[in-house]
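Novice: Got a structure here, written out as structure tokens. Questions coming.
The values are calculated or read from the model by the stated rules, or taken from the named source; none is laboratory data. Nothing here was measured: the structure is a model prediction, and the numbers come from that model. Quick reminder, even Gly has a Cβ in these numbers, built from the backbone with ideal geometry, and neighbours come from all protein chains shown.
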Amino acid sequence: MMRFVPIFLVSFFLSLHWGLILFVNSSLLGNFFEPNIVSLLFLLGAIGNISLFLFAPRLIEKFGKRSFLIFSILLSIVSTLSLALATTQLAVAISFIIYASLLPIIYYCLDIFLEESSIDIKTGEIRGVYLTFFNLGIALGPLILAYLAKEDGLRTVYLVATFLLIPPILLALFSFKSRTPKWHGLHHHALLPFRAWWRTKSVRRVTLARLVLESFYAFMIIYTPLYLHGVLGFEWSTIGVMFSIMLLPFILFQWPVGELADRFVGEKEFMILGFLFMGTALVFMPYLGATVALWTLVLFFSRVGASFVEVTTESYFFKHVDARDTGLLSIFRLARPVSIVLSAAVGALAFSLFSFEKIFFILAVIVFFGLKESLQLKDTL
């Protein structure tokens, strides 16, 4: 496990960086743009990320994964610093689009390094530890934000976020080695192997299950704060505490679930259970009213399910590919930016047809589609 420590540390600092600014990006953009333009910038960032994923296998073949990782982190440092210092709309817009396009690509590179060093019989445990480091950073980020936002507004937040990218760049420079040739040579005739992905049922189904999970995240990040604060009237200080409790399952469960899936039951059972928890929680949400304790409990319950699905989709996918399958990995990681585009479109349509609380029912239907995909998987044990 010691050989994974540099990757785990990079993941931790990256997620601490991301968790610090995840919930304030829209506020920063809102200082410069109207809400409809803010939504457009998020969509442009997602489209930029999709475009990078389409070309990622070729870029890695041309430059090597280590160089690609270092370059992506350097650009993220520059764009985050620009967000801290920018005073014009153009500078903020360009910096945000670059930043939003790049961060998932850095995690994509880490996936390749981690997969190179992993063995299938321990994939669940290794991915569980990796995700625990990742989610610990995400959970700690808002706590740092609560302190920094009192000091000097958002500029200090983004300056600290920039500083948090220094350890990843140093670790990538001095600890990451490429033991395999940089040329993967599998998919150089096409951007991404969508035909091979479609024909490989196990990979296709787990990717669709992951797309459902990422859509759940996108919906909940965008709409739950709006509903709790704007409709139910919860204070942001209360919402912050609720969200901190909500995130605990990602720290508590993913490592042990990954190890249990490796040794005893496989990923399928935990994935099914996770989707059931998520869907059940969503069905209850429209009826909870302005009760903090009930919302906290149901949000926690929903994230227990999400933590199960997250670690099992990761483990299942990486047991069916290896480090050379950069094209399939790109398709799998496309789930996150594609989910943002889909969630924004479905959300806009839902609001034109239904009242706000009905959006949780719509998301429940989407989650049960993920349950259908998980039921059709062939288990690894």
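Novice: Helices (runs of 4 or more DSSP H) wholly in segment 21-97 with at least 2 residues that are under 25 Å from ASP325 (Cα atoms) - which ones?
Specialist: Ranges flagged: 35-63, 65-85.
Residue-wise test of (1) modelled with pLDDT of 90 or more; (2) crowded, with 22+ Cβ neighbours inside 10 Å.
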residue	(1), (2)
LEU74	yes, no
VAL78	yes, no
ILE98	yes, no
TYR107	no, no
GLY124	no, yes
GLY128	no, yes
LEU143	no, no
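Novice: Can you tell me which residue is farthest from TYR316 (Cα to Cα) among those in segment 235-258 that are touching a residue at least 60 places away in the same chain (Cβ under 8 Å) and either surrounded by 18 or more Cβ atoms within 10 Å (Cβ to Cβ) or of a type in the set (Phe, Trp, Tyr) (or both)? First the steps, then the outcome.
Specialist: If we filter segment 235-258 for residues that are touching a residue at least 60 places away in the same chain (Cβ under 8 Å), which is where we start, we get 240, 243-244, 247-248, 250-251, 254-258.
So of that shortlist, the ones also either surrounded by 18 or more Cβ atoms within 10 Å (Cβ to Cβ) or of a type in the set (Phe, Trp, Tyr) (or both) come out as 243, 247, 250-251, 254-255, 257-258.
Working: PHE243: 28, LEU247: 23, PHE250: 18, ILE251: 20, GLN254: 14, TRP255: 14, VAL257: 12, GLY258: 10 Å.
Ranking the candidates gives PHE243 first.
Novice: Six or more apart or on different chains, Cβ under 7 Å: which pairs go from a residue in segment 206-222 that's in the same structural domain as THR380 (by TED's automatic domain parsing) to one that's modelled with pLDDT under 90 and not in a helix (DSSP H, G or I)? Could you list them?
Specialist: Final answer for the pair search is VAL206/LEU377.
Novice: Does SER51 satisfy being modelled with pLDDT of 85 or more and on the phi < 0 side of the Ramachandran plot? Before you say what the answer is, go through the steps one by one.
Specialist: Numbers: modelled with pLDDT of 85 or more: yes; on the phi < 0 side of the Ramachandran plot: yes.
In short, yes.
Novice: Same structure again: Could you give every pair whose Cβ atoms fall below 7 Å, whose first residue belongs to segment 96-116 and is touching a residue at least 60 places away in the same chain (Cβ under 8 Å) and within 11 Å of ILE7 (Cβ to Cβ), and whose second residue is assigned to a helix (DSSP H, G or I) and hydroxyl-bearing (Ser, Thr, Tyr), counting only separations of at least 6 or pairs across chains?
Specialist: Close Cβ pairs satisfying both conditions: LEU110/SER11; ILE112/THR326; LEU114/TYR130.
Novice: In segment 285-307, which residues are within 20 Å of ILE221 (Cβ to Cβ) and either in contact with a strand residue (DSSP E or B) (Cβ under 7 Å, 6 or more places away or on another chain) or free of Cβ contacts under 8 Å to residues at least 12 places away in the same chain (or both)? Spell out the reasoning first.
Specialist: First, pick out the residues of segment 285-307 that are within 20 Å of ILE221 (Cβ to Cβ): 285-286, 288, 292, 295-307.
LEU288, LEU297 - these are the residues of segment 285-307 that are within 20 Å of ILE221 (Cβ to Cβ) and either in contact with a strand residue (DSSP E or B) (Cβ under 7 Å, 6 or more places away or on another chain) or free of Cβ contacts under 8 Å to residues at least 12 places away in the same chain (or both).
Novice: State yes or no: is ALA281 at pLDDT 85 or above, in a helix (DSSP H, G or I), buried (at least 20 other Cβ atoms within 10 Å of the Cβ) and not hydroxyl-bearing (Ser, Thr, Tyr)? Don't jump to the end; show me each part of the working.
Specialist: Values: at pLDDT 85 or above: yes; in a helix (DSSP H, G or I): yes; buried (at least 20 other Cβ atoms within 10 Å of the Cβ): yes; not hydroxyl-bearing (Ser, Thr, Tyr): yes.
Taking the combined requirement at face value, the residue satisfies it.
Novice: State the number of residues belonging to segment 347-381 that are free of Cβ contacts under 8 Å to residues at least 24 places away in the same chain and either in a helix (DSSP H, G or I) or in the same structural domain as TYR108 (by TED's automatic domain parsing) (or both).
Specialist: Looking only at that region, the number is 9.
Novice: Moving on. For segment 1-25, give me each residue that is over 17 Å from the mean Cα position of the chain (by Cα) and farther than 20 Å from ILE106 by Cα.
Specialist: MET1, MET2
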